[in-house]
Amino acid sequence: MVQQAGLCLLSALLPACALAQAPSEADLQKRANAVLTLMGFSLTPDVTTGSLSINDHATGNPYFRQASISGGGTLKRAPLYLEGTLAYGRYDPTFNAPGPQPIPVKWDSLLATGGIGWDFPVAPRLVLRPIANFSLGRVESEGRIAPAVQQLPGSGAALEFLSNGKLNAAGVGGAVMLDYERYLPENEIDAELRYSSVHLQSFESSSAVQGHSLAQTLSFWSRYRAPSGLVALERPVRYVLEYAYTRFLGDLQGALGFTYMHSYGLGLELDTSRYDSYVTRTRILLRYKSGNNVDGWAVGLALSF
């Protein structure tokens, strides 16, 4: 199953650093921690934060964007659960320096996360699933530094990172999930309750930055599917209802101006199992997102194999 969600947020991410001198390593340290915190929003499959776009209030232009593709499922012949997420982010902080021109910086990040779990039945249709998660990410910086700023004392390592620096990050953690599944001809119900905790730490990075963050979430996801009365591809077309809730904990709490997110989804599902196809079902959903200080809409696409 592959899931993707979109969301437009109306809150500012982090204020620009007002500096009386060249950017210091302490300032970069704070920003490095912030970038790793932002990576934490895409460490696990989550329809509430699959894609983010945060606007700068002053200009109206997005200065943080994140998109991800993720999926997970249990093997048919064994109670082995596998999941994975691949996320790309773009963060454009601005560092103020002496003189009329600030220092614009572009930070691009790429993060991959995998998870391995095992299903332990605890009741009919209900399993307990512990999951081990591993992550690997990278941030690259590109900035335009004015010659006058380059001559400021004590600016060497910091400016070197801003102009062409790299930050590598590795994460390790885990999750525990309760998964309920009831599949009947007249309808299908899925529900998951999950707690996740992953620690991200930089390694082998530019000398000016060392970052870390702790990403923790408590989430609930549910889906109801039933025949709509329509037929396509010689199979019933199902309507889909979805609800998800995520509470952000640890360093994620309030990092983007909110502490929780609701997602309400409505869509249709095509069944392609009648044909020799690797994809058995295709779903498209319209989702409405809401939380404290934010709201937005998304179009989600999901595939079942």
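If I filter region 190-197 for residues that are free of Cβ contacts under 8 Å to residues at least 60 places away in the same chain and of a type in the set (Lys, Arg), do I get at least one hit?
no
Determine, yes or no, whether residue 86 is open to solvent by 50 Å² or more (accessible area, probe 1.4 Å) and either modelled with pLDDT of 90 or more or within 14 Å of the chain's Cα centre (by Cα) (or both).
yes
What's the number of the condition residue 22 fails, among (1) small (Gly, Ala, Ser); (2) open to solvent by 10 Å² or more (accessible area, probe 1.4 Å); (3) at pLDDT below 80?
(2)
So, residue 240, is that one open to solvent by less than 30 Å² (accessible area, probe 1.4 Å) and farther than 22 Å from residue 195 by Cα or not? Quick ask: steps written out before the conclusion?
Working: open to solvent by less than 30 Å² (accessible area, probe 1.4 Å): yes; farther than 22 Å from residue 195 by Cα: yes.
Yes, satisfied.
Any chance region 189-198 includes a residue that's over 24 Å from the mean Cα position of the chain (by Cα) and either modelled with pLDDT under 95 or more than 30 Å from residue 106 (Cα to Cα) (or both)?
Checking region 189-198: at least one residue is over 24 Å from the mean Cα position of the chain (by Cα) and either modelled with pLDDT under 95 or more than 30 Å from residue 106 (Cα to Cα) (or both).
Would you mind listing the strands (runs of 3 or more DSSP E) fully within region 210-294 where at least 3 residues are within 21 Å of residue 35 (Cβ to Cβ)?
212-232, 235-250
Among the candidates 288, 278, single out the residue that is exposed (fewer than 15 other Cβ atoms within 10 Å of the Cβ), closer than 20 Å to residue 42 by Cα and either over 19 Å from the mean Cα position of the chain (by Cα) or hydroxyl-bearing (Ser, Thr, Tyr) (or both).
288
The values are calculated or read from the model by the stated rules, or taken from the named source; none is laboratory data. All figures in this text were calculated on a predicted structure; none of them were measured in a lab. Every residue, glycine as well, gets a Cβ built from its backbone with ideal geometry; the counts of neighbours run over all protein chains shown. Heavy atoms of the whole protein, side chains included, go into the accessibility calculation; ligands, DNA and RNA do not. Shrake-Rupley method; radii C 1.70, N 1.55, O 1.52, S 1.80 Å.
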